[in-house]
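One structure is given below, encoded as structure tokens.
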Amino acid sequence: MFKTFKFSNSFQISNFKFKIPLLFLGIFLLALFLRTYNIFSIPIFADEAIYIRWAQVMRAVASLRFLPLSDGKQPLFMWMMIPLLKVVTDPLVAGRILSVLSGLGALVGVFLLTNKLFGKKPALFASFLYAISPFTVFFDRMALVDSMLAMFGIWSLYLGVLTAQTLRLDYAMLTGFALGGAYLTKSPGIFFLALLPTTILAAKWKDNKHSNLNQVGKLIGLWSVSWIIGLGLYNILRLGPEFHMLAIRNKDYVYSFADFFKHPFDPLRPHMGDIQSWFWNLLPATTLGAAVFGIVASFKKSWKMVLLLLAWCLGPLFVEAALAKVFTARYVLFTATPMFILAGAGAAFAAKKIKTLTVVGLLGAMPLTINYLLLTAPEKAPLHKNERAGYLEEWTSGTGIREIAKYIKAEKIKNPEQNIVVGTEGYFGTLPDGLQIYLSDIPGIVVRGVGVTIFDVDSSLIDAKKAGNRVFLVVNSTRFKIENPELKGLVLVNQYLKAKRSNGTQEALTLWELAK
């Protein structure tokens, strides 16, 4: 009887040891599924096409490894995409997989940081809420830099906390690499450099004032190491000939402090309304409520940790809302990450009063419902009007591009001896970059932009047709202004309808062939 009890007790201890890793593995696999299932549910977006095309060019021409600087963008995301382009056939999938990996990296960071600040059960809840949040699911499925920025942000905070608690040089160095990675990804990475001293809130203090003063001195030294490494990595970009474009292009996105003091509530007030909509619909509301509850429930016992997380969330959020000229949901993705940690703490407190599965059900129902729509019918998901327009309705949405590329490839295979010239609207962005990422490496196919609004058949396309090439024109319906196209020799091959606008109208990407 004693042996049976001992065996049972041993089993319980063993089960406890493996319970947390197994639960986290389940959350990790759920996150992976949500980020990869039907990965084409959202069509290619303008910036995705640009980043992937940059990566392809940088891969092909070593001297252009700093190409994104020409548009004032940091190149780390494109550098990291290059190896994936070598092993993944579809370039859009390669770019989106990089964001999937970034999202999973952020998930691990959320678990580790929450475990460090609040314990294992809050860490599991925080990881679960991050994994299923429509906010993270949506952008972790897009070949955009914001998921990578969020990943470096949470790891900068986690490693910064470890540095403050242990006063170890190796953690300070790792923090520096995370900070450098963030700043090499996107300019808002500077927020993490500025917020690093707030990790002093996580430091462990002694009763001896002299020891505490020494500890502060050591922390300042360690932060200096982190800053030197982070800024040192960023200054690698000075090797690029257009490093100065970073500062120039930042002015296109951000108001100066002088502008802010002239009109402090514009754009702050409308941007705060946008933030409310994004967090309510995409965080979503249930996670936001859990975060507020977590702040209240944790404040008395762990007020320093709460203030630390709020600083990393609300600080950048307020600055962006007050100064940003261009403001979209993905620009604040990195600020939302600490909210999941607070929500995890709130969920863990709630689980002390009601069953854990009940808490999971209450917090999981809304985000999983929204995710179902994002993965199967995104036009029905509760997206903000700007996100809906940009990703689904307007010219920035690449609905039909993959299908057109597939058609043109098939036509080339049918007649490999005949060259194909494809003219597109635009010179940079969804078109022609969206087609070039699929067709630029195929001999005998040329894709080039011929104008933003198409009023007539471009002379270069007419000349290409006279030279015996097969000629196509790809243009969005609202930018196609040619009257009586059949008289110009244009034949409509196909059109690809985008999501309906709120007024009932509908954009379409049209494929025309110049028949004569």
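The values are calculated or read from the model by the stated rules, or taken from the named source; none is laboratory data. Predicted model only: the values in this text are computed from it and were never measured. Positions of Cβ are backbone-derived with ideal geometry, glycine not excepted, and every protein chain shown enters the neighbour counts. Note: accessible area is taken over every heavy atom of the protein model, side chains too, but ligands, DNA and RNA are not part of it. Shrake-Rupley method; radii C 1.70, N 1.55, O 1.52, S 1.80 Å.
Just wondering, is there one or more residues in segment 18-28 that are open to solvent by less than 40 Å² (accessible area, probe 1.4 Å), in a helix (DSSP H, G or I) and at pLDDT below 95?
yes
How many of the residues making up segment 261-280 are in a helix (DSSP H, G or I), open to solvent by less than 40 Å² (accessible area, probe 1.4 Å) and either of a type outside the set (Asp, Glu) or closer than 19 Å to residue 127 by Cα (or both)?
7
Checking the structure you have, find out if any residue of segment 140-162 is over 28 Å from residue 282 (Cβ atoms) and in a helix (DSSP H, G or I). Give the derivation first.
Narrowing segment 140-162 to residues over 28 Å from residue 282 (Cβ atoms): 162.
Keeping just the survivors that are in a helix (DSSP H, G or I) gives 162.
Yes.
Could you go through segment 307-323 and let me know if any residue there is more than 21 Å from the chain's Cα centre (by Cα) and in a loop (DSSP other than H, G, I, E, B).
no
Is it true that residue 376 is more than 20 Å from residue 55 (Cβ to Cβ), of a type in the set (Ser, Thr, Tyr) and open to solvent by 60 Å² or more (accessible area, probe 1.4 Å)? Reasoning before the result, please.
Numbers: more than 20 Å from residue 55 (Cβ to Cβ): yes; of a type in the set (Ser, Thr, Tyr): yes; open to solvent by 60 Å² or more (accessible area, probe 1.4 Å): yes.
Judged against the criteria, residue 376 is a match.
Let me confirm something: among 254, 292, 296, which residue is over 30 Å from residue 167 (Cβ atoms), touching a strand residue (DSSP E or B) at 6+ places or on another chain (Cβ under 7 Å) and β-branched (Val, Ile, Thr)? Don't jump to the end; show me each part of the working.
On the way: 292 fails: touching a strand residue (DSSP E or B) at 6+ places or on another chain (Cβ under 7 Å); 296 fails: touching a strand residue (DSSP E or B) at 6+ places or on another chain (Cβ under 7 Å).
Going through 254, 292, 296 in turn, just one is over 30 Å from residue 167 (Cβ atoms), touching a strand residue (DSSP E or B) at 6+ places or on another chain (Cβ under 7 Å) and β-branched (Val, Ile, Thr): 254.
Those residues that are under 29 Å from the mean Cα position of the chain (by Cα) and either under 25 Å from residue 184 (Cβ atoms) or not in a helix (DSSP H, G or I) (or both), I need them from segment 197-223; list them, please. If you could, list the steps in order and put the result at the bottom.
Quick first cut of segment 197-223, residues under 29 Å from the mean Cα position of the chain (by Cα) only: 197-202, 223.
Selection gives 197, 198, 199, 223.
Mind checking whether some residue in segment 306-329 is basic (Lys, Arg), within 20 Å of residue 110 (Cα to Cα) and touching a residue at least 40 places away in the same chain (Cβ under 8 Å)? Spell out the reasoning first.
Of the residues in segment 306-329, the ones basic (Lys, Arg) are 325.
If we keep only those that are within 20 Å of residue 110 (Cα to Cα) as well, we get none.
No: segment 306-329 contains no residue that is basic (Lys, Arg), within 20 Å of residue 110 (Cα to Cα) and touching a residue at least 40 places away in the same chain (Cβ under 8 Å).
Check 291, 285, 311 and return the single one that is at pLDDT 95 or above, open to solvent by less than 10 Å² (accessible area, probe 1.4 Å), touching a helix residue (DSSP H, G or I) at 6+ places or on another chain (Cβ under 9 Å) and not acidic (Asp, Glu).
Values: 285 fails: open to solvent by less than 10 Å² (accessible area, probe 1.4 Å); 311 fails: open to solvent by less than 10 Å² (accessible area, probe 1.4 Å).
291 is the lone residue from the list that is at pLDDT 95 or above, open to solvent by less than 10 Å² (accessible area, probe 1.4 Å), touching a helix residue (DSSP H, G or I) at 6+ places or on another chain (Cβ under 9 Å) and not acidic (Asp, Glu).
Just checking, how many residues over segment 357-373 are open to solvent by 40 Å² or more (accessible area, probe 1.4 Å) and in contact (Cβ under 8 Å) with a residue 12 or more places away in the chain?
5
Quick check on this structure: which one of 354, 404, 341, 413 is surrounded by fewer than 24 Cβ atoms within 10 Å (Cβ to Cβ) and assigned to a helix (DSSP H, G or I)?
Going through 354, 404, 341, 413 in turn, the sole match is 413.
Are there any pairs with C-beta distances below 9 angstrom linking a residue in segment 488-507 that is in contact (Cβ under 8 Å) with a residue 24 or more places away in the chain to a residue that is exposed (fewer than 14 other Cβ atoms within 10 Å of the Cβ) and among the small types (Gly, Ala, Ser), with the two at least 6 apart or on different chains, and if so which?
489/515; 490/515; 491/515
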